[in-house]
Amino acid sequence: MSFYEASKLAREGKFDAAKEAADKLTGKERTEARALVAKFKSLSNKTNETSALGDAFAKSAKGVTGYIGAMITTLDTMNVSLGKSNAAFLQNQKALDTVALQMMRVSAANAELGFTVNEVTTQYNAFQRTLSMRVRPEFQKSGMALTQQALIWSRLGVGIGTTTGMIEMFDTTLGQGRGEIVKTGRVLTAFAATTGQDVNKVFADFTTNAVKFHDILDSKEMTRQTMLFSLRARSMGTSVTSLMNTMNKFENLDSAQATGAKMNMTISALGGSFDAVKASMMDYPERMEYIARTVQSVAPRIANAGPRASRLYMRSLAKSMDMSPTDLRKMMTWKPGQPLPGEAALRGGGLPTGVTAGAERAMARRGTTIGAMGLAAKDYMNFAPVRAAGAAGASATGMVAGVKGGVQVGGQAILNKVDSTVAIYAKKIGEAFVNTGVTKKFGEFTGKIEAAMKKQGEINAEFANQLVEFKNQKAL
């Protein structure tokens with residue numbers, strides 16, 4: 001066993017084997033070998049101490065750095081998606097700051113409803129891409145408020161596509177603003193509750209069926225008739241389109257007389273009569289009731305005519321009314337004299353009373369899961385420093401842009417960019433971080449950084465000295 005072998009074992013960290021090898025040497029060689037093994041073991045212990053300190057630092061830093069990384073990543077994703085939906089945000093940092101801060105505030109104000117920052121961003125971007133008002137000044141005033149309202153309706157089960165379609169119709173076709181949109185939405189919500197339907201179904205049917213009534217310029221009346229016919233069609237198991245095909249045949253006198261003549265060929269043969277001119281003078285709801293009562297008056301005679309004759313009568317009458325025999329039978333079984341739940345106000349010429357904002361919010365709370373509330377609460381806490389910085393006038397998106405720009409430049413530029421960003425916003429960010437306790441956390445682990453660096457410096461110096469000694473040692 002040689003001095004070299006003992007030192008080699010010591011450098012590899014095999015101290016027990018190195019000591020055993022040194023003990024087998026004799027004289028001065030054994031003394032020096034033992035001393036060398038002792039020094040390497042001492043240096044190893046110090047390295048372990050530094051590693052333990054480093055682990056402690058990492059553990060202390062993990063919570064804060066993980067939070068900051070997640071926050072920056074989320075903000076960056078939000079900024080990019082906003083920019084892709086609106087090029088002005090890629091060009092105008094201040095405009096992006098304003099909208100980003102508004103989104104975080106909407107999320108925070110509606111944490112009980114489970115609004116996360118990502119969800120608010122997604123809804124807002126959907127509006128930016130699809131609503132015609134995006135290119136008009138109204139969107140600047142109403143876009144975020146409509147986003148919040150759409151998310152409240154989403155808690156009632158209304159999908160983004162359904163909400164977007166309704167808002168687009170009210171804006172472009174009816175010329176109605178945010179106030180009327182929200183008011184109508186609350187009327188539809190109350191209507192859904194009264195009639196026992198889901199809110200999404202009522203919203204979707206209203207938006208789809210309103211097209212049949214767009215020639216009624218009075219928006220309130222258009223809304224009333226759309227809701228009335230949607231309810232009747234639902235109760236009958238048919239569609240508004242099928243009902244309106246028949247109703248529209250009596251919109252002008254020529255068409256009314258031609259349709260009436262065809263209907264009367266069958267109805268008069270069964271002992272009944274139909275006044276086409278009278279029907280043409282009625283509005284849609286009354287016309288439907290008149291036609292239904294007329295066909296219902298001859299239904300018993302059709303039933304008693306025998307299978308073949310009954311079939312011929314039904315086919316002839318259905319064809320003259322532009323209906324299928326199935327829909328004609330549904331009209332024969334409908335009871336126009338017995339109003340449906342929720343129909344009374346509509347028959348009287350008005351609209352149902354909508355739910356209040358408070359009642360709507362209470363419904364939305366009941367429609368929010370505990371899991372969704374938990375995610376929103378996490379966002380509330382995570383973005384508290386950013387909201388505070390924004391309230392103090394700092395640019396949240398500017399902070400992200402600084403870090404992101406540094407990464408894109410690379411190398412030393414990363415540090416330069418971060419430094420410059422922090423320098424610009426240092427005071428305001430600092431105040432926000434102090435208020436939220438972030439500064440205290442940073443202080444704890446930055447102190448450990450300094451201690452770790454100091455110990456590592458001492459170890460490096462000892463290693464360097466040891467290497468010099470070993471190099472200058474005389475050969476044996």
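The values are calculated or read from the model by the stated rules, or taken from the named source; none is laboratory data. For clarity, every value in this text was computed on a predicted model and none was experimentally measured. FYI the Cβ positions are ideal-geometry reconstructions off the backbone, even for glycines, and counts take in every protein chain you see.
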Query raised in the report: Does at least one position in region 128-140 carry a residue that is closer than 23 Å to PRO352 by Cα and assigned to a helix (DSSP H, G or I)?
Result: no
Report task. Scan (1) modelled with pLDDT of 90 or more; (2) part of a helix (DSSP H, G or I) for the single condition PHE115 breaks and write down its number. Result -> (2)
Requested in this report: Could you identify the single residue in MET247, MET263 that is touching a helix residue (DSSP H, G or I) at 6+ places or on another chain (Cβ under 8 Å), within 25 Å of LEU351 (Cβ to Cβ) and surrounded by 19 or more Cβ atoms within 10 Å (Cβ to Cβ)?
Outcome: MET247
**Report entry** Residue check, ARG178 surrounded by 16 or more Cβ atoms within 10 Å (Cβ to Cβ) and at pLDDT 95 or above
**Finding:** no
**Report entry** Residue that is buried (at least 16 other Cβ atoms within 10 Å of the Cβ) and either in a helix (DSSP H, G or I) or modelled with pLDDT under 70 (or both), where the choices are VAL80, VAL37
**Finding:** VAL37
Query raised in the report: In this structure, does ASN245 turn out to be over 22 Å from the mean Cα position of the chain (by Cα) and in contact (Cβ under 8 Å) with a residue 40 or more places away in the chain?
Result: yes
Report task. Scan region 214-239 residue by residue and report those that are surrounded by fewer than 22 Cβ atoms within 10 Å (Cβ to Cβ) and free of Cβ contacts under 8 Å to residues at least 60 places away in the same chain. Result -> HIS214, ASP215, ILE216, LEU217, ASP218, SER219, GLU221, MET222, ALA233, ARG234, SER239
**Report entry** Residue within region 40-50 that is out of contact with any Pro (no Cβ under 9 Å at 6 or more places or on another chain), modelled with pLDDT of 70 or more and surrounded by fewer than 14 Cβ atoms within 10 Å (Cβ to Cβ) present
**Finding:** yes
Query raised in the report: Checking ALA126 against (1) within 13 Å of the chain's Cα centre (by Cα); (2) crowded, with 21+ Cβ neighbours inside 10 Å; (3) not β-branched (Val, Ile, Thr), which test does it fail?
Result: (2)
Report summary line: Note on region 137-155: residues surrounded by fewer than 23 Cβ atoms within 10 Å (Cβ to Cβ) and in contact with a Gly (Cβ under 8 Å, 6 or more places away or on another chain) are GLU138, SER142, GLN149, ARG155
